[in-house]
Amino acid sequence: MRLADLGAVVAIEQESFPKPWSLNAFLGQLANENSLNYVAEEDGRVIGYLVVTQFVGVWHLLDLAVHQDYRRRYVATELLENFFEESGRKPHRGYTLEVRKSNRGAIKMYESFGFICSGIRKGYYSDNGEDALIMWRDSEDMLA
Ligand SMILES: CC(C)(COP(=O)(O)OP(=O)(O)OC[C@H]1O[C@@H](n2cnc3c(N)ncnc32)[C@H](O)[C@@H]1OP(=O)(O)O)[C@@H](O)C(=O)NCCC(=O)NCCS
């Protein structure tokens, strides 16, 4: 993800989430040396993105979305595969993320990547008071 991608990224973000990240939030991630920020492109157009940051040895998947016209074409799968390949090369403690309890499609996708539900944050989402599932995946070292 580069500065020039952020217009398209923010547009996808706004159509994808009830409480979208601001442009500043993405700028902060681009400036963060502990973050990995990816975009997926088709014909030079940004169609999806993934933002991840490492904190105390754990990779936190912070934001993932795909343009609605391009969903169910394995765009998110490819973003995640690229990230796991890159992040798995260096020692770390594992991966975590939060997802709305109602977001069945995303939960299924994360489970297919080896994430398990490790807890619940009650009323985590301020727009509707929905619970978040905390999902966790061990590092490759621990799986070996
Ligand atoms: C969740 C999201 C990123 C998935 O992106 P995608 O590119 O469509 O996902 P993929 O095509 O790689 O899906 C891989 C698998 O995950 C599961 N999956 C993904 N979306 C699904 C859905 N809406 N319903 C059911 N299963 C789904 C399926 O098992 C799918 O494989 P299949 O198509 O062979 O059945 C996309 O729907 C999105 O941007 N949603 C809005 C934002 C969001 O919820 N982000 C996640 C926040 S934690």
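The values are calculated or read from the model by the stated rules, or taken from the named source; none is laboratory data. Owing to the predicted nature of the structure, the values given are computational and were not obtained by experimental measurement. No Cβ is skipped: glycine too gets one built from the backbone with ideal geometry, and neighbour counts run over all protein chains shown. Protein only, heavy atoms only, side chains kept; ligands, DNA and RNA dropped before computing areas. Shrake-Rupley method; radii C 1.70, N 1.55, O 1.52, S 1.80 Å.
Within the chain, no helix built from a complete DSSP H run reaches 30 Å or longer along its own axis (Cα positions) while carrying a mean Kyte-Doolittle hydropathy of -1.0 or higher.
May I ask what percent, to the nearest 5, of DSSP beta bridges between residues of the chain are antiparallel?
Taking every DSSP beta bridge within the chain, about 90 percent pair in antiparallel fashion.
Solvent exposure of the stretch 3-143 amounts to 57 Å² per residue of accessible area, where only protein heavy atoms count and the probe is 1.4 Å.
Considering only DSSP beta bridges where both residues belong to the stretch 49-131, give the percentage that are antiparallel (nearest 5).
Details: 7 of 11 bridges.
Here the share of antiparallel DSSP bridges comes out near 65 percent.
Straight-line reach from residue 101: taking Cα to Cα under 19 Å and skipping same-chain neighbours fewer than 8 places apart, the lysines in range are 19, 122. Of the three principal axes defined by the Cα atoms of the stretch 71-127, the extents in descending order read 35, 30, 18 Å. Taking the Cα centre of each part, how many Å lie between the stretch 7-21 and the stretch 34-70? Rounded to whole Å, the Cα centres lie 12 Å apart. Relative protection proxy for 60-72, 12-24, from highest mean packing down: 60-72, 12-24 (other beta-carbon atoms within 10 angstrom).
Taking a cut-off of 28 Å, what percent of all Cα-Cα pairs in the stretch 3-143 are separated by more than that? Before the final figure, lay out the partial values.
On the way: 1382 of 9870 pairs.
More than 28 Å apart: 14 percent of the Cα pairs in the stretch 3-143.
Think of it as helices only: each DSSP H run of n ≥ 4 in the chain is worth -39500 (n - 2.57), and spread over all residues that comes to -9000 deg cm²/dmol at 222 nm.
May I ask you to derive the relative contact order of the stretch 1-135, considering only C-alpha pairs under 8 Å and at least 6 residues apart, and to give it as an integer percent? Don't skip to the answer; put the middle values down first.
Details: 193 pairs, mean separation 23.2, N = 135.
Relative contact order of the stretch 1-135: 17 percent.
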